[in-house]
Amino acid sequence: MAMAALRREGRRIAAPLISPQPINPIRSSIASSDREQAFLGVRSISTQVVRNRMKSVRNIQKITKAMKMVAASKLRAIQTRAENSRGLWQPFTALLGDTPSVDVKKNVIVTISSDKGLCGGINSTSVKISRGLYKLNSGPEKECKYVILGEKAKAQLVRDSKKDIELAITELQKNPLNYTQVAVLADDILKNVEYDALRIVYNKFQSVVAFLPTTSTVLSPEIVEREAEAGGKLGELDSYEIEGGETKSEVLQNLTEFQFSCVMFNAVLENACSEQGARMSAMDSSSRNAGDMLDRLTLTYNRTRQASITTELIEIISGASALEG
Amino acid sequence: MTLNLCVLTPNRIVWDSEVKEIILSTNSGQIGVLPNHAPIATAVDIGILRIRLKDQWLTMALMGGFARIGNNEITVLVNDAERGSDIDPQEAQETLEIAEANLRKAEGKRQIIEANLALRRARTRVEAVNAIS
């Protein structure tokens, strides 16, 4: 039915036109009708083209819907663990404080991002904040370095800050996240990078639709001592008698290392949750858009179909009336 | 006046309630904590934490971390913690034997250190089980 209409359309358009190419009768009429249509601009979109588009949009909708469900199930699994790990760093903050405004010479910015894409804008916000922190903390006598976790931030930061990247670690989520793995990673970072303050940038998971970009600051033991003597938030540290080691600084060093690995663990889990949540909402809006597109294409398809039926009817009727006289 | 004890590990909260007294093992020996203890922050060794509720003592195996005591609030952060009642004595004994065998087989400084740590952990778990029974 559609083929017949196409053929008729092709012939109707070809007749009044003086085509520069000889009309070759061996060539299939469909090809010629397509060429004629391209020649004229699209006077009538063929139903075949619309149908192909609809098929591909429908496939995309199915895929994005499936991706959304996968992200939802992964989110559920990781959300409980993230909430459980939140309690871990709070005592540290209560004891040692979280002072992002501390003034130190060597800053290290640890940016946590995802490896896979299609997760909305969370990686861009992390990178934006890292760059902002870098600008804030660079100046005379101050230096700032990056440690990057995750492929996406690496791709963005390598472009303009290649010389400042100390370490880049990817494929974090190949095995399910656990504390031992993150502790080893934290150890690696502490060994290889000189730092006075570590600023961890990640997306905190507040709810399935809300991700807050946050930064947690971990200070090195020397800076902790300096700030404790200076008073202020950390001044309370001195009121605690420190036991369990040869000297106070040894205990403080162990304490800050433990703090760093706990904060890292929490940050990595929260970022993973935010990634899954962002991917869920991105895939959801994508499948909704695909649905809208499909509606519009269906309307176009129906209009095209009805137009071709109408023209066929007109031809039949005019042909019949011409025969009658 | 009771103490509020919180034992936290990276994976979950192991204990969060009021207790009468605790005995904690640190790097420099065991310390007992009663209400109104002076504020201290200390490192916790791989060892047993004893908790007293009313007149009953509970044991918990801790795998190293930190403790902060102040204002009748005790916060213990450890790499891992298990309640004595949750440990299977048979399995703990087997783990201990495996750890001992590994220590004998270990070569190289790093392996020896790791085997030692594993042995201490296994021993702590066995002690935690035995201390209750």
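FYI, it's all coordinate maths here, none of it is from the lab. All of these numbers come straight from a predicted model, not from anything done at the bench. Every residue, glycine as well, gets a Cβ built from its backbone with ideal geometry; the counts of neighbours run over all protein chains shown.
Between A:Leu167 and B:Ile13, take the C-beta separation as r, use R0 = 30 Å, and let me know the FRET efficiency to the nearest 0.05. The partial results should precede the final answer.
On the way: r = 32 Å, r/R0 = 1.06.
Approximately 0.40, to the nearest 0.05.
Taking the convex hull of the Cα atoms, report for region B:89-131 its projected area averaged over all directions, in nm². Each step should come with its number before you reach the end.
On the way: hull surface 9.9 nm².
Projected over every direction and averaged, the Cα hull of region B:89-131 covers 2.5 nm².
Which GluC sites (Glu not before Pro) in region A:55-145 pass both tests, a DSSP loop state and at most 12 other beta-carbon atoms within 10 Å?
Hits after loop and neighbour filter: A:Glu141.
With runs of 4+ DSSP H residues as the only contributors, calculate the mean residue ellipticity of the protein assembly as shown at 222 nm using -39,500 (n - 2.57) per run, divided by the residue total and rounded to the nearest 500.
-18500 deg cm²/dmol
Quick one: among B:Asp80, B:Asp45, B:Asp16, which has the greatest mean-square fluctuation in a GNM of chain B with alpha-carbon springs under 10 angstrom?
Fluctuation is largest for B:Asp16.
Just to compare against my own numbers: the Cα pair-distance distribution for chain B, 5 Å bins, whole % per bin, please.
Going from the shortest bin to the longest, the percentages are 2, 11, 19, 22, 19, 13, 7, 5, 2, 1, 0.
Measure up A:Lys74/B:Lys20; A:Lys116/A:Lys163; A:Lys74/A:Lys142 against 31 Å on the Cα-Cα distance and list the ones that go over.
Working: A:Lys74/B:Lys20 41 Å; A:Lys116/A:Lys163 24 Å; A:Lys74/A:Lys142 41 Å.
Check vs 31 Å cut-off fails for A:Lys74/B:Lys20; A:Lys74/A:Lys142.
Could you name the aspartates and glutamates in cross-link range of A:Lys152, using Cα to Cα under 17 Å and dropping any fewer than eight places away on the same chain?
Leaving aside aspartates and glutamates fewer than 8 places away in the same chain, those within reach of A:Lys152 are A:Asp115, A:Asp160, A:Asp164, A:Glu166, A:Glu171, A:Glu270, A:Glu275.
Quick check: pseudo-label points 7 Å beyond the Cα along Cα→Cβ at A:Leu212 and B:Met1, how many nm apart are they?
Here the modelled spin labels are 3.6 nm apart.
Please give the helix B:89-105 orientation as an angle from the longest Cα principal axis of chain B, in degrees from 0 to 90, rounded to the nearest 10.
For B:89-105 against chain B, the angle is about 50 degrees.
Counting residues in the protein assembly as shown as N, plug N into 2.2 N^0.38 Å and put the Cα Rg over that result. Provide the component values of the computation, followed by the final result.
Working: Rg = 34.0 Å, N = 458, 2.2 N^0.38 = 22.6 Å.
For the protein assembly as shown, the normalised Cα radius of gyration is 1.51.
In nm, to one decimal, how far is the modelled label at A:Val158 from the one at A:Glu241, with both set 7 Å along Cα→Cβ?
In this crude label model, A:Val158 to A:Glu241 measures out at 5.5 nm.
Report, in whole Å, the centroid distance computed from the Cα atoms of region B:1-78 and region A:138-187.
35
7 Å from Cα along Cα→Cβ at both A:Glu312 and A:Asp187: what's the point-to-point distance in nm?
Taking the simple label geometry, A:Glu312 and A:Asp187 are separated by 7.6 nm.
If you take the square roots of the eigenvalues of the alpha-carbon gyration tensor of region A:56-116 and sort them as a ≥ b ≥ c, do you get rounded (a/c under 1.5), prolate (a/b over b/c) or oblate? Please report the intermediate quantities before stating the final value.
Working: a/c = 5.52, a/b = 2.10, b/c = 2.62.
Cα axes put region A:56-116 in the oblate bin.
If you count the DSSP beta bridges with both ends in the protein assembly as shown, what percent of them are antiparallel, to the nearest 5? It would help to have the intermediate numbers written out before the result.
Values: 48 of 72 bridges.
That works out to approximately 65 percent antiparallel.
I want to make sure I understand the PRE zone here: with the label point 7 angstrom from the Cα of B:Leu117 toward its beta carbon, which residues in region B:80-104 have backbone N atoms less than 15 Å away?
B:80-81, B:103
Would you please give the residues with an amide H less than 5 Å from that of B:Asn72, counting only those at least 5 places away or on a separate chain, with H modeled from the backbone geometry?
For B:Asn72, whose amide H was placed from the backbone, the distant partners under 5 Å are B:Asn36, B:His37.
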